[in-house]
Every structure is written in C-alpha cells, then in structure tokens.
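Comments concern the structure below.
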Amino acid sequence: MKKNVKILSTVSLFSVSILHAQEIKVLEPYYLKEGKPKQFEKATAKIEAKAVGMGYGGVNNYLTVFNSKHSDVRFKNNEIPKLYIKLPDNASSESITIVKADKVKESKTYRRFVQSGVSAGGAKDMSKYQIALPLKNTENSVYEIIIPQNLESGEYSFVISSAAQYDPFSNPMEKKLFCFAIEP
C-alpha cells in the first residue's frame with residue numbers, strides 16, 4: 001500500500017511540474033498568481049499611421065486594438081505581482097519595452113498604443129509612451145521583469161517582435177500584444 005501511495009504521489013508531482021512547464025511559452029510574458037503562471041490578455045493590433053494636428057504635428061504610428069477599450073488583466077498600483085518572460089535558448093537581453101496607451105475619447109471602443117512618430121524635424125520623442133524595463137535572469141532562460149514603483153496608472157502592452165514568432169500566414173499589418181492595466 002505504501003509503495004502505491006509513493007508511486008501515485010510521484011506521478012502526480014511529475015504531472016504538475018509538466019503542466020507548469022507547458023504553460024510557460026517562449027516570448028509570452030506571464031505573472032504569478034497564487035504560485036501559478038497566468039497569462040496576460042493576448043490581443044491582435046492593427047498597425048496604423050495618423051496625422052497629428054492636420055499634419056503639422058507630424059505622423060504617429062499606432063498599434064490599435066479594436067472592440068476592446070480596457071484590458072481584462074488589471075493590477076492595483078501598489079499590488080503589481082512579479083512578471084516573467086522566457087526567452088529562446090541562447091538568447092539574452094537586458095531589458096524589455098512596454099508601451100503605454102494613448103488617451104482616446106471616452107466614446108471610443110478601442111485602445112491605441114503609440115509605437116513611433118515623425119515630424120518635419122525627424123523622429124519624435126516617444127519616451128513618455130515607451131518604457132524600457134530591466135530584466136533579471138532567474139533560471140533556464142526565464143527572466144524576471146523589473147517594474148518601477150512609480151508606474152503611472154493606465155493601459156500597457158508588451159510588444160514582442162521576434163523571428164521566433166514569425167508566421168508566414170499572418171498579416172504583416174498586425175502585431176500580437178500582451179496587455180495589462182495599472183489602476184490607481
């Protein structure tokens with residue numbers, strides 16, 4: 001009887017560890033809730049270019065998520081869990097970038113993340129929208145994403161660009177985003 005219990009407990013522990021290993025996907029950020037990995041909201045964004053100030057303010061490039069004004073994954077400003085990302089084998093990085101959503105009219109039903117901008121004078125400063133977050137290596141190509149204490153409330157997304165996510169059948173005018181929100 002004891003032998004059967006030991007075998008059963010070993011098999012169940014092995015099954016749980018395999019389940020957790022399968023939940024963690026390369027280049028898909030996640031967070032831990034009650035010790036289990038949870039995924040961010042996955043959204044497909046269209047790439048758009050919009051003139052600002054009738055063209056005198058230049059052109060901004062946006063990643064727009066339609067029919068979704070707010071992310072389902074929400075954190076309180078002082079209760080942000082630890083965030084992680086698994087990088088491909090033999091890859092390393094010192095930081096990852098999140099993009100803050102631009103303010104849109106309350107009547108709109110979309111989120112718009114500013115990707116870049118140009119004006120007559122050249123590239124525009126987009127540092128208020130793009131935040132580089134440092135990474136800390138933990139184990140087996142899994143990195144902890146370090147979130148600053150003073151992160152403003154709002155909608156955010158990870159924009160992951162990599163050849164590992166390349167799909168020859170995907171639309172080149174779309175990108176995959178991993179979205180979350182910070183509440184005050």
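The values are calculated or read from the model by the stated rules, or taken from the named source; none is laboratory data. A quick note: this is a predicted structure, and the numbers were derived from the prediction, not measured. Counting neighbours? That spans all protein chains shown, and the Cβs are built from the backbone with ideal geometry, glycine included. To get the accessible areas, we keep the full protein, side chains included, count just its heavy atoms, and leave off ligands, DNA and RNA. Shrake-Rupley method; radii C 1.70, N 1.55, O 1.52, S 1.80 Å.
The residue pairs whose first member lies in the range 54-67 and is open to solvent by less than 60 Å² (accessible area, probe 1.4 Å), whose second member is in a loop (DSSP other than H, G, I, E, B) and basic (K, R), and whose beta carbons are closer than 8 Å, counting only pairs six or more residues apart or on different chains, are G58/K124; N60/K124. Within the range 92-115, being in contact with a Phe, Trp or Tyr (Cβ under 9 Å, 6 or more places away or on another chain) and in a strand (DSSP E or B) holds for I96, T97, I98, V99, K100, A101, D102, R111, R112, F113, V114, Q115.
Conditions tested, residue by residue: (1) among the aliphatic types (A, V, I, L, M); (2) touching an Asp or Glu at 6+ places or on another chain (Cβ under 8 Å).
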position	(1), (2)
E94	no, no
V104	yes, no
G121	no, no
A132	yes, no
K136	no, yes
S157	no, no
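Summed over the range 26-53, the residues that are assigned to a loop (DSSP other than H, G, I, E, B) and either over 26 Å from S95 (Cα atoms) or open to solvent by 30 Å² or more (accessible area, probe 1.4 Å) (or both) give a count of 5. Taking S68 as the residue in question, decide whether it is among the hydroxyl-bearing types (S, T, Y), more than 25 Å from V26 (Cα to Cα) and either in a loop (DSSP other than H, G, I, E, B) or in contact with a helix residue (DSSP H, G or I) (Cβ under 9 Å, 6 or more places away or on another chain) (or both). In short, yes.
Scanning the range 94-113 for residues that are closer than 22 Å to A45 by Cβ, within 18 Å of the chain's Cα centre (by Cα) and either among the acidic types (D, E) or surrounded by fewer than 19 Cβ atoms within 10 Å (Cβ to Cβ) (or both) gives S95, T97, D102, Y110. Please indicate, with yes or no, whether at least one residue in the range 79-90 is of a type in the set (D, E), part of a loop (DSSP other than H, G, I, E, B) and exposed (fewer than 15 other Cβ atoms within 10 Å of the Cβ). Within the range 79-90, one or more residues are of a type in the set (D, E), part of a loop (DSSP other than H, G, I, E, B) and exposed (fewer than 15 other Cβ atoms within 10 Å of the Cβ).
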